[in-house]
1. Given the options Ser216, Ser189, Ser144, name the one that is without any contact (Cβ under 8 Å) to a residue 40 or more places away in the chain and within 30 Å of Leu233 (Cα to Cα).
2. Given the conditions (1) surrounded by 15 or more Cβ atoms within 10 Å (Cβ to Cβ); (2) at pLDDT below 85; (3) more than 30 Å from Val273 (Cβ to Cβ), report the number of the one that Leu115 does not fulfil.
3. Scanning region 205-225 for residues that are touching a Lys or Arg at 6+ places or on another chain (Cβ under 9 Å) and crowded, with 16+ Cβ neighbours inside 10 Å, which turns out nearest to Leu175 (Cα to Cα)?
4. Which residues, taken from region 66-107, are farther than 30 Å from Thr193 by Cα, of a type in the set (Gly, Ala, Ser), touching a residue at least 12 places away in the same chain (Cβ under 8 Å) and in a helix (DSSP H, G or I)?
5. Might you check whether a residue that is outside any helix (DSSP H, G or I), among the small types (Gly, Ala, Ser) and surrounded by fewer than 18 Cβ atoms within 10 Å (Cβ to Cβ) occurs anywhere in region 171-185?
6. Looking for something surrounded by fewer than 18 Cβ atoms within 10 Å (Cβ to Cβ), charged (D, E, K, R) and either in a helix (DSSP H, G or I) or at pLDDT 90 or above (or both) - is there at least one such residue anywhere in region 157-170?
Amino acid sequence: MSLLTPRPRTSVDQPTRGYRVFQGINGVILTAVVVVTLYPFVNIIARSFSGERQIRAGEVTLWPKGFDLTTYRIVFTDDVFWRGYGNTLFYTVVSTVVAMVLTTCYAYVLSKRHLKGRNVLVGIAVFTMFFSGGLIPNYVLITSLGLKNSVWAIALPNAISVFNLLVMKAFFESLPTELEEAAEIDGLSTYGTLLRIVLPLSKAVIATMVLFYSVSYWNSWFQAFLYMDRAELMPVTVYLRNLIAGATGATNAGATTEQGSQVAANIQAVTIVLTSLPILCVYPFVQRYFVSGVMLGAVKG
C-alpha cells in the first residue's frame, strides 16, 4: 500500500451511537444556556432604542419598536453621567494596576517551594476567603487611614483576590524551574528573572487576571457608595444605581414633559448599555487568552 493512500476508517474511528446522542444533548443544553444568558441583555438593548408607548405596553422583546433616541441624546448631554464615566475609568485603571502588581508579586513568592513560611502565607490568604473584618470595622479602618474620597478607598481594600492569587500561583509553579536557574546563572536578580523571564511567558494568565479585575472594578459600586461622600467623585455605577433605585437625574437635564416620559421609560436600559459597552469592547481582545490562562493556572493546586 502506498504511503500516500489514506488509511481506511475502522470501527474505532467511528463515534458510537451513545457519544452522538451525548453530543446532541450537550449541544441543545449549551444552546439553551446561551439563549437564556443573552436574552436579557438583547432585550435591554432593544428597550434602549424603543419608544415609551411600546415599552410600557410590553411589546419590546428582541427588536426595538417605536425607534427613539431621545434618551440617548439627553444622557449624552448629562455632565453627571460623563463625570461618573471618567471616574469609573480612572478607578478601574488604577485599581487594576495595583491589584495586578500585588497579586503577581504575592503569587510569585508563593510559587517557590523552598520559601520558609510558605504554608503560613498561603494559609493567611485562604483564611481571608472565608472570614473578613466586617463592614463597620472596614469602614472605621478606611476612615482612620484617611482614604475616604480617594481612589485608594476602592483600590486597596480589594487589591488581592485570593482566587486570582491561587490561579497565578499554580501557573507560576507550572513553569520549568530550569528557566529561572539559567537566568540566575546569567546573573539576573530575582526581580530581573520575574520581569524578563517569567512575565513574558505568562501573558495568558496575566490577560485573564486583568480581565477579571477590570470587570470587577468597573461593575463595583458599593465601595464608592460607602467611601465617597462627594457627588463629583461618584463612578457611573452609582449613577446607574440611583436610576434603578428611582432617581431620574437625566430627566432634569432640560427635558420637556414628553421627553421626560420617554426618558423615564428607558433611562435604565440606556445607562446599562452605555455602562457595559467598554467591557464588551475590551473582552474580544483578551478572550483568546481566557481559556488557556485559567486552564494553565488550574493544572496544579
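The values are calculated or read from the model by the stated rules, or taken from the named source; none is laboratory data. These numbers come from a predicted model, not from an experiment. As a convention, Cβ positions derive from the backbone with ideal geometry for all residues, glycine included, and neighbour counts pool all protein chains shown.
1. Only one candidate qualifies: Ser144.
2. Here Leu115 meets the rest and fails (1).
3. Applying the filter and picking the extreme gives Ala207.
4. Gly84
5. For region 171-185, residues outside any helix (DSSP H, G or I), among the small types (Gly, Ala, Ser) and surrounded by fewer than 18 Cβ atoms within 10 Å (Cβ to Cβ): absent.
6. There is no residue in region 157-170 that is surrounded by fewer than 18 Cβ atoms within 10 Å (Cβ to Cβ), charged (D, E, K, R) and either in a helix (DSSP H, G or I) or at pLDDT 90 or above (or both).
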